[in-house]
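Chemist: I am attaching a structure below and will ask some questions about it afterwards.
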2 protein chains.
Amino acid sequence: MGDLQTTVLQLLGIVGGVSVIALIFIVIMTRYVFKQELGSQEMQAIAAAIKEGAMAFLSRQYKTIGVLAIVVSVLLGFVTRGDDIFNWHTFVSFIAGALCSGIAGFIGMYVAVSANIRAAAGAKHSLNRSLTISFRGGAVTGLAVTTLSLIGVGGLFYIFGAYEGTEEAIKHAPLLIVGYGFGASFVALFAQLGGGIYTKAADVGADLVGKVEAGIPEDDPRNPAVVADLVGDNVGDCAGRGADLFESTAAENIGAMILGIALFPVFGVYGILFPLVARASGIVASIIGMFCVKTKENKDPMNALNVGYFVTTILCALFLIPITKYMLGGVGQFEGKVNYWNFYGCALIGLALSFAFVYITQYYTSINFRPVKEIAKASQTGPATNIISGIAVGLESTFAPVVVISAAIFSSYWLGKTSGLSELGFNGGLYGTAIATMGMLATCAYILAMDTFGPITDNAGGITEMSGAPEEVRVKTDRLDACGNTTKALTKGYAVGSAALATFLLFSAYLDEVKIALGKGAHEIFPVDIGKPEVFLGAFAGAMIVFLFSSTAIRAVGKAAQYVILEVRRQFNERPGIMDGTEKPDYGRCVDIVTKGALKEMVLPGLIVVAAPIAVGLLFGAESAAGFLMVATIAGVLMALFLNNGGGAWDNAKKFIELGNYGGKKSEAHKAGVVGDTVGDPFKDTAGPSLHVLIKLFSTITLVLASLFVSYGLIK
Amino acid sequence: MGDLQTTVLQLLGIVGGVSVIALIFIVIMTRYVFKQELGSQEMQAIAAAIKEGAMAFLSRQYKTIGVLAIVVSVLLGFVTRGDDIFNWHTFVSFIAGALCSGIAGFIGMYVAVSANIRAAAGAKHSLNRSLTISFRGGAVTGLAVTTLSLIGVGGLFYIFGAYEGTEEAIKHAPLLIVGYGFGASFVALFAQLGGGIYTKAADVGADLVGKVEAGIPEDDPRNPAVVADLVGDNVGDCAGRGADLFESTAAENIGAMILGIALFPVFGVYGILFPLVARASGIVASIIGMFCVKTKENKDPMNALNVGYFVTTILCALFLIPITKYMLGGVGQFEGKVNYWNFYGCALIGLALSFAFVYITQYYTSINFRPVKEIAKASQTGPATNIISGIAVGLESTFAPVVVISAAIFSSYWLGKTSGLSELGFNGGLYGTAIATMGMLATCAYILAMDTFGPITDNAGGITEMSGAPEEVRVKTDRLDACGNTTKALTKGYAVGSAALATFLLFSAYLDEVKIALGKGAHEIFPVDIGKPEVFLGAFAGAMIVFLFSSTAIRAVGKAAQYVILEVRRQFNERPGIMDGTEKPDYGRCVDIVTKGALKEMVLPGLIVVAAPIAVGLLFGAESAAGFLMVATIAGVLMALFLNNGGGAWDNAKKFIELGNYGGKKSEAHKAGVVGDTVGDPFKDTAGPSLHVLIKLFSTITLVLASLFVSYGLIK
C-alpha cells in the first residue's frame, strides 16, 4: 500500500467515522421521537390517516421514479459507453445516487409523519416538549440527507479509486461518480415536482370547495380533502426539499472534487478529498447545534432555532480553520507556497452568504417589512391590485440575491486567485468559489432540520385543530406552526442560493470534462463564446425552458386540483351527512386521487427538462450546451426567486390582514388577500422549488454527457 | 469626385428620393384626414378635450425627455471623446436621433388625435369611410416614423462620410452614427415607459373608481377620468409604439451598416448602403399596400387590413430581388463569387418571421384558440384560478417564438455562410442574419399604420359612446375597435420579434467595435466567454435588471393610478351633481394629474436601465458588458412575451366571457375575468412594450460606449 493510498484511506476513515456517528445520532433522535406519548384516540386516528396517505404516496411515487430511473440509467450506460460495452461506473453511480436519495427521503418522511402526532400530544405538557419533538423529528431528515449523500460519494470514491489506490485511479475516480449527482437530481426533480404538485393540488382543491363553496374553515374535519392537504405538507416540504438539498450537497461534493483533480500537483489528494472532510465537519457542527435548541414557555420558539443555527455556524467556522490549514497548505515542492487563509476566507464568505440569503428572504416574506405590508395595503382595492403588487414584489426580490451571489462569487474567486495558486499556473479562482460553496452548504444538515420542523408543526397544528383539542394546546401548536412557516420560507431562500453556487461549480467541472474529452490540457481554455450563433441559441433555449417548465408545473397544479374539486363535490353530494357531522368523509379516496393526479402530471414537465439539454448538446454540441446550462441557471435562479418570494409574500400579506389590519378577516381586503395566497401557492411550493432542482439537473446531465456532446454534437 | 463617391451619392439619391415621395404621401394622407367632416358639437367637445390632453402630455413629456437627453448627450460627448476635446459626432447623432424620433411621434400623434373624431363622424356614412379615415390617420404615423428614421441615418451618413467621399471616411461613417440609435432608443424608452404608465394608470384608475366603486359603465361621460383614459390610448399605443419601431429601424440600419464595413472588400459601398435601399423599397411597398385597404359594409374590416398587409409583403419580396442582385453580387475581383440568392433567401426568412410572429401572437391572444378559452374556463372557479391560468399561458407563450426566432437566426446564418462569403474568409453568416432582420422590418411602415389604427378606432368608439350617437353608428365603430384591438396585439408580437433580431445585429456590431478598439483585425475573434466569472456576473446582472425593471414599471402604474383614484373620488364627493348629470366633471384636472404622475414615475426605472450597462461595462470591462447585453436580451424577450401575451390573453378571456360564455356579463366568471384583465393591463401595455425598447437601449448604449469599456473597464 503506497503513501498516497494510506493518506486517502485515513481521510476516508475520518469521513466514514463521522458518518457512523451521524447514523448513531439519527437512531438516537428517532428513538427519542418514538418514545413520546401518542395523545388521544381522535388524534391517533387522524395521524394514522396522514401517515398512511404520506407513505402510500411516497411508495407509489418511488415506484414511478424507480421505473424511469432504471430506464434512464440503462440508456445512460449505453450512450456513455465509449470503447467499452457498457459504462458500468456511470450506471452504478446513477443507481446509487437515486437509491441513497430515496432512502434518505423515506427515513426522513417516516420519522416526520410519526413526529407530528407526538408533537401535538407534547404540546399538552409544554411548548419546549413539543418544540423538541418537532425539531428532532426534523433533525432526522437533516442528518439522513447529508450523511447518506456523504456516504454515497465517499463510498463510490473508495470503490472506483481508493481501492485500487494508484494516483491515476484516484485522479480519475471523481469523474466516474458524476452519475451519482445525476441520479440524485433525477430523483430530486420528480420528488420535488410530484410532491409540489401534490401539496398544492390538495391545498387549492380543499380551499376552493371547502372554504369558498361550502363555507367551512381550514383544517375542518368535514372537508374530505383535509387529510390530503396535511399529507401534502410532508411530501412537498419534507421529502421534496430533502431530495433537493441531498442533490445540492452531492453536486457540490462531486463538482469540487473534479476541480481538485486539476490541482493535484499542488494539494495532492487533499484537494480532492477536502470537500468530503469539510462536509463531515459540518455534520458534526450541526449535531452539536441541534442539541442547543431549547425554549421556555413564554419565549419565541424562533429564538431557540436561531441559537442552534448560530452555534452550528460558529462551530463550522472554527472546525474549518485546522482543516484548511492541514489540507490546503500545499504538498511537496509547493508546501507553504499557498496561503490557506485565503481559502478559509472563501469558506467564511459561503457561511456569510447563507446568512445573507436567509435575511433577504425574511425581508421579502415576513410581515414585519415593507414588501408584505405593501401587498396587504394594495389588497384594499381588490384582488387585481393585490396580484399586481405581489408580482412587483416578487420581481423586485431578485435584485438583492443577485448582488450578494455576485459579490460572493467575485470575492471568493479573487481570494482563490490571490492565494498563490494562480502564480503557480493553476486556476485558483475557481477553487475559491468551490470552497465558498462548501462553506454555504456546511450548515446544510441543521438548515434542513429547521425546514422539516415546518411540516411537522404544521401537521401537529392540523391534528390539534381536527381533534378538537383544548384552546391552550392549540395556541402552542399555532405558535410553533407560525415559526415553521418562517423556517420553510428561509430554507427555500437557502436552497436557491446554494443551488446557484453548486451549479456554477458544476459548470466549471463541465468545462474541465469537455477539455479532457477534447484532449486539452488543464491550462488550456475552452471558451464558451456566446457570440457564436449556436451558443446564443443554446442560451436562448435554456432560458425559455425555464419559462416553459414553470408554465407546465403551475398548470399541473391546476389540473390535479380539478380532480380534488370534483371528488370533494361528489362526496358532499353523495353523503349529505358529512356537513352536519353525522357521516364521515372518505379521506382515503381524496388522498388516492391526488396521488394519482400528481404522479400523472409530473411526468410531462419532468421529461421536458431531461430531454432539453440533451437535445441541445446533440444538435449544437458541447459549447452550445454550456451556453444552455449557464443561461438556464441564471433564468432559473431568477424565476425561482420571483416565484418563491412572491408566493411567500402573498401568503403573509393574507396573514397580516388576518391579524386585524385593513379590516381584518372577512373584509374585502382579506378576500383579495386569499386570492393572492392561492395564486402564490403553486408559485412557492411547486414551480419555484422545482426550479432549484431543475438547474442542478441540467448541470449533472450535461456533466455526465459532456464527452458525448463533444463526440456527437452536430456542430463542433 | 471619385467613382466611389459617385456611387454613394447615387444610392443616397435613391434613398432621398423615396423619402421625399414618402413625405408627400404623409401630406396627402394628412390632408385627406383633415378634409373630413367633424361631427356633432358633443363629439367635437370630447375630441377637443382628448386632443388637448394628448398634446399637453406629449409636450410635457418631451420637455422632460429633452432635458434628460441634453444632459446625457453632453456627458456622452465628453466620455467618448478619445483624443479630441469633445466627441461632436456622437453628440450630434444622439441629438438627431432623439429629435427625429420626437418629431415623428409628434406628427403621428397630432394626426391620430385629429383622425379619431373624423373616423367617428365618418361612421355615420359608411364603415368604409370610417375605416379609411382611421387607417390613413395611422398611415401617417407609420410613414413618418420609418421615413424620418431613414432620413436621419441617411443624412448623417452623408454628412459624416459621403460628403468627404474617401473610402476611409465612408467606411468610418457608420461607426460615427451609432449615437443616433442611442438617442432614438433613449427617447423610445421614456416615450414607451411614460406613455405606458399614463395609459394604464388612467385605465386602471378610471375602472376602479368608475366601474367598481360608482358602478357606472366604461367610457361613461360622468367619469372624470374617462378623457384621460382615451388620451392614454394615444400616448401609449401611438406615440410609444411609434418610438419603439423608430428605434428598431434605426438600430437595424446602423447595425447592418457596421457589419457591412467588414465586407467592404467584397461588396464595396453596396454592402454598407444595402440596408438603406432595402428600407426605402419597403416604404414604397407599404405606401402601395396602404392604398389597397378598402372594405364593404358587411365585411370584416380585418380582411381589408390583411389584404394591404399581403400586398405590402409580396411587393417587398419582389422589390428585393433586383436590389439584392444588383447590390450583393460582389464587386471587383469578387464579382460573381457571391450567391446573392442566398441573401435574398435571408430576406424572405425575415418576411416569413413577421408572419410567424403575428400568427403566434394571434394564437395566444385571440378568443378563437385554446389559451384564451382555457383562461375563460378557469375563471369559473374565481379570480385565483383565472390568474394562475393566465400566468401559465403567458409563460408557455415564450416557447413558439423562441423556436421560430432560433430557426430564423440559424437558417439565415447558414444561408449567409454558404453564400460564398465564408470561403472568401468573411463572416457571411452574420450578414445573413442582418438581412433577415431587414426583411422582417421591411413591412414596418405598414404594420405601424395598422397599430396606430388601433387607438384611433378606440377613440372613435369612445367619442361615439360619450356623445350618445345612434346605435347603428356605434355598431360600426365597435367593429372597427375590435379590429384595432387585434392589430395592436399583433404589432406587439411583431415589435418584440424585430427587437430580438435587431439586438442580435447590434450585438454583432458591438463585437466589431470592440475588436476595432482593441486593434484586432476583422478576421480575428473576440470571444465572449461566459465561463469567466466577470462575464457570468455581467450576464446574471443583465437578466436580473430585466426582472427589476419590470417590477418598477408595473409598480409605477399602481402608484400613478392611486393619484387618479384619489382625484376621481374627490370630484365625486365635491360635485355630487356629476352622477345625476347636472354637473360636468373636470376632465382636464384628471388628465393633468395622470400626466404629472406618469412623468414622475418613469424617471426611476428609466435611469436604472441607462445606468446598469454602463456600470457593468466600467466595472467588469467590454467582455462582461457583452455578456450583460446578450443575456439581458434573452431575458427581456422572454419576459416581454410573457407579459404581452399573458396580458392580451386575459383581456380577451374577459371578452370571451362577455360574449355569453360561462355565464356572460355579471357572472362570477366575468368578475374573475375583470380581475385578470386589470392585472394584465400593466403587463401588456407598460412593462412588456417597454422591455422591447429596453433591450435595444442596452445594445445602443454598449455600442456607443464600446471603446470606453475597452479602455477603462477595471477588468480587461
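The values are calculated or read from the model by the stated rules, or taken from the named source; none is laboratory data. Treat the numbers as computed from the prediction; the structure is a model and nothing was measured. FYI the Cβ positions are ideal-geometry reconstructions off the backbone, even for glycines, and counts take in every protein chain you see. Surface areas here come from the heavy atoms of the whole protein model, side chains and all, with no ligands, DNA or RNA. Shrake-Rupley method; radii C 1.70, N 1.55, O 1.52, S 1.80 Å.
Chemist: Here is a check on your reading of the model: is A:L315 closer than 30 Å to A:E423 by Cβ and among the hydrophobic types (A, V, I, L, M, F, W, C)?
Modeler: no
Chemist: So, one more: Could you grab me the full set of residues in region B:533-544 that are more than 8 Å from every other protein chain (Cβ to nearest Cβ) and open to solvent by 10 Å² or more (accessible area, probe 1.4 Å)?
Modeler: Residues satisfying the conditions do not exist here.
Chemist: Still on this model: Kindly evaluate B:A460 against the criterion of being at pLDDT 85 or above and within 14 Å of chain A (Cβ to nearest Cβ).
Modeler: no
Chemist: Hey, among the residues in region A:195-213 that are of a type outside the set (S, T, N, Q), more than 14 Å from chain B (Cβ to nearest Cβ) and more than 14 Å from the chain's Cα centre (by Cα), which one's farthest from A:G242 (Cα to Cα)?
Modeler: A:A202
Chemist: For region A:501-512: of the residues being facing chain B (nearest Cβ under 9 Å) and hydrophobic (A, V, I, L, M, F, W, C), which is most open to solvent (accessible area, probe 1.4 Å)?
Modeler: A:L511
Here is a yes/no grid of residues against (1) part of a helix (DSSP H, G or I); (2) closer than 20 Å to B:G97 by Cα; (3) at pLDDT 90 or above; (4) open to solvent by 10 Å² or more (accessible area, probe 1.4 Å):
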site	(1), (2), (3), (4)
B:V227	yes, no, no, no
B:V235	yes, yes, no, no
B:F246	yes, yes, yes, no
B:N253	yes, yes, yes, no
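Chemist: Here's a follow-up. Considering only residues that are surrounded by fewer than 24 Cβ atoms within 10 Å (Cβ to Cβ) and within 11 Å of chain A (Cβ to nearest Cβ), look in region B:518-530 and name the one that is modelled with the highest pLDDT.
Modeler: The selected residue is B:D529.
Chemist: Where residues in region B:372-394 are more than 7 Å from chain A (Cβ to nearest Cβ) and of a type in the set (V, I, T), which of them is nearest to A:A561 (Cα to Cα)?
Modeler: B:I375
Chemist: If A:K515 satisfies every condition in (1) touching a helix residue (DSSP H, G or I) at 6+ places or on another chain (Cβ under 6 Å); (2) more than 7 Å from every other protein chain (Cβ to nearest Cβ) but one, which is the exception?
Modeler: Just one mismatch for A:K515, condition (1).
Chemist: Take region B:663-675 and flag every residue that is open to solvent by 30 Å² or more (accessible area, probe 1.4 Å) and within 14 Å of B:A649 (Cα to Cα).
Modeler: B:V674
Chemist: Here is a further query. Identify, by number, the condition in (1) away from chain A (no Cβ under 12 Å); (2) modelled with pLDDT under 90 that B:L618 doesn't meet.
Modeler: (2)
Chemist: Which one is surrounded by the fewest Cβ atoms within 10 Å (Cβ to Cβ), of the residues in region B:424-449 that are farther than 19 Å from B:L263 by Cα and among the hydroxyl-bearing types (S, T, Y)? Steps first, answer last, please.
Modeler: As a first pass, look at region B:424-449 and keep what is farther than 19 Å from B:L263 by Cα: B:439-449.
From the residues that got through so far, the ones that are among the hydroxyl-bearing types (S, T, Y) too are B:443, B:446.
On the way: B:T443: 27, B:Y446: 31.
Among them, the one singled out is B:T443.
Conditions tested, residue by residue: (1) basic (K, R); (2) open to solvent by 20 Å² or more (accessible area, probe 1.4 Å).
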| residue | (1), (2) |
| --- | --- |
| A:F343 | no, no |
| A:L353 | no, no |
| A:F357 | no, no |
| A:T361 | no, no |
| A:T365 | no, no |
| A:K373 | yes, yes |
| A:I409 | no, no |
| A:G416 | no, no |
| A:S422 | no, yes |
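Chemist: Moving to a separate point now. Which condition breaks for B:T678 when tested against (1) open to solvent by less than 10 Å² (accessible area, probe 1.4 Å); (2) under 27 Å from the mean Cα position of the chain (by Cα); (3) of a type in the set (S, T, Y)?
Modeler: Going through (1) open to solvent by less than 10 Å² (accessible area, probe 1.4 Å); (2) under 27 Å from the mean Cα position of the chain (by Cα); (3) of a type in the set (S, T, Y) one by one, B:T678 breaks only (1).
Chemist: Right, here's the next one. For region A:561-584, enumerate the residues that are surrounded by 23 or more Cβ atoms within 10 Å (Cβ to Cβ) and within 9 Å of chain B (Cβ to nearest Cβ).
Modeler: The one that is surrounded by 23 or more Cβ atoms within 10 Å (Cβ to Cβ) and within 9 Å of chain B (Cβ to nearest Cβ): A:A561.
Chemist: What residue, among those in region B:545-560 that are open to solvent by less than 10 Å² (accessible area, probe 1.4 Å) and at the interface with chain A (Cβ under 8 Å from one of its Cβ atoms), is farthest from B:F683 (Cα to Cα)? Walk me through it before giving the result.
Modeler: Initially, region B:545-560 is screened for residues open to solvent by less than 10 Å² (accessible area, probe 1.4 Å), giving B:546-547, B:549-551, B:553-554, B:556-557, B:560.
Cutting the leftovers down to at the interface with chain A (Cβ under 8 Å from one of its Cβ atoms) gives us B:547, B:550-551, B:554, B:557.
Working: B:F547: 12, B:S550: 9, B:S551: 10, B:I554: 7, B:V557: 10 Å.
Per the stated criteria, the residue is B:F547.
Chemist: Return only the number of the condition from (1) modelled with pLDDT of 90 or more; (2) outside any helix (DSSP H, G or I); (3) of a type in the set (D, E, K, R) that B:K584 does not satisfy.
Modeler: Among (1) modelled with pLDDT of 90 or more; (2) outside any helix (DSSP H, G or I); (3) of a type in the set (D, E, K, R), the lone unmet condition for B:K584 is (1).
Chemist: Considering only region B:318-341, state which residues are open to solvent by 40 Å² or more (accessible area, probe 1.4 Å) and aromatic (F, W, Y).
Modeler: B:F319, B:Y326, B:Y340, B:W341
Chemist: Pick from A:F369, A:F426: which is more than 7 Å from chain B (Cβ to nearest Cβ), under 27 Å from the mean Cα position of the chain (by Cα) and aromatic (F, W, Y)? Full working, then the answer.
Modeler: On the way: A:F426 fails: under 27 Å from the mean Cα position of the chain (by Cα).
Testing whether each residue is more than 7 Å from chain B (Cβ to nearest Cβ), under 27 Å from the mean Cα position of the chain (by Cα) and aromatic (F, W, Y) leaves just A:F369.
Chemist: Another question, then. Only one of B:F291, B:F310, B:F274 is open to solvent by less than 20 Å² (accessible area, probe 1.4 Å) and either at pLDDT 90 or above or under 24 Å from the mean Cα position of the chain (by Cα) (or both); which?
Modeler: Going through B:F291, B:F310, B:F274 in turn, the sole match is B:F274.
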